[in-house]
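A.B. asks: I have a structure I would like to understand better, so I am pasting it below and will then ask my questions one at a time.
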Ligand SMILES: [Zn+2]
């Protein structure tokens, strides 16, 4: 049995990289997605992108309801046809304890692949659309810290500084 995946935390540079397109739909990829669902559930998250477990490839998993039948995997997601604005609070498993209001498109389209390489074409609004945007951001190296406004940045400066300090210690003070 594989070891449980560890969530990569801010400000690890792997979270800031743009991730590579997936070209091969292998059994390893399916196993990785299964492990990501386990890690996501363990941390009570609704979504988890591959860079958050240290893999810079374009894949994320999500479950917007908590029901196992709503598990979704998107490979090479592309979001289009964004409509409307919607502000709501978000958190991120890679930035523990941060809760910030973020403006996202209200409704959009998703083109992606599933784990077998079959095309996915879906439309969503509200919470699901928000998760799509948050997780696709991860694949482009974009974090909540890049999206939040100036006031939120000031309000959360201490929390982010603490995470930066923990990272420095964990990586040997570099
Ligand atoms: Zn996140």
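Derivation of every value follows stated rules applied to the coordinates shown; laboratory data play no part. If you're wondering where the values come from, they're calculated on a predicted model, not measured in any experiment. Virtual Cβ from ideal backbone geometry, glycine too; neighbours counted across all protein chains shown.
A.B. asks: Please list, ordered by residue number, the strands (runs of 3 or more DSSP E) wholly in the stretch 1-108 having 2 or more residues that are in contact with a strand residue (DSSP E or B) (Cβ under 6 Å, 6 or more places away or on another chain) and farther than 29 Å from residue 154 by Cβ.
C.D. replies: Counting at least 2 such residues, we get 59-62, 72-90.
A.B. asks: Would you confirm whether any residue within the stretch 146-162 is closer than 17 Å to residue 8 by Cβ and in contact with a helix residue (DSSP H, G or I) (Cβ under 7 Å, 6 or more places away or on another chain)?
C.D. replies: Within the stretch 146-162 (the criterion being closer than 17 Å to residue 8 by Cβ and in contact with a helix residue (DSSP H, G or I) (Cβ under 7 Å, 6 or more places away or on another chain)), the answer is yes, since at least one residue qualifies.
A.B. asks: Sort out which residues of the stretch 69-102 are farther than 14 Å from residue 135 by Cα and within 16 Å of the ligand (Cβ to nearest atom), and write them in order of number. Give the derivation first.
C.D. replies: Of all residues in the stretch 69-102, those farther than 14 Å from residue 135 by Cα come to 69-71, 80-89, 96-101.
Once the filter is applied, which keeps residues that are farther than 14 Å from residue 135 by Cα and within 16 Å of the ligand (Cβ to nearest atom), the stretch 69-102 yields 88, 89, 96, 97, 98, 99, 100, 101.
A.B. asks: Counting only residues that are surrounded by 12 or more Cβ atoms within 10 Å (Cβ to Cβ) and in a loop (DSSP other than H, G, I, E, B), which one in the stretch 129-174 is farthest from the ligand (Cβ to nearest atom)?
C.D. replies: For the stretch 129-174, the residue satisfying everything is 149.
A.B. asks: Among 109, 43, which is the only one that is more than 16 Å from the ligand (Cβ to nearest atom) and surrounded by fewer than 20 Cβ atoms within 10 Å (Cβ to Cβ)? Show your work before the answer.
C.D. replies: Numbers: 43 fails: more than 16 Å from the ligand (Cβ to nearest atom).
From the options 109, 43, the qualifying one is 109.
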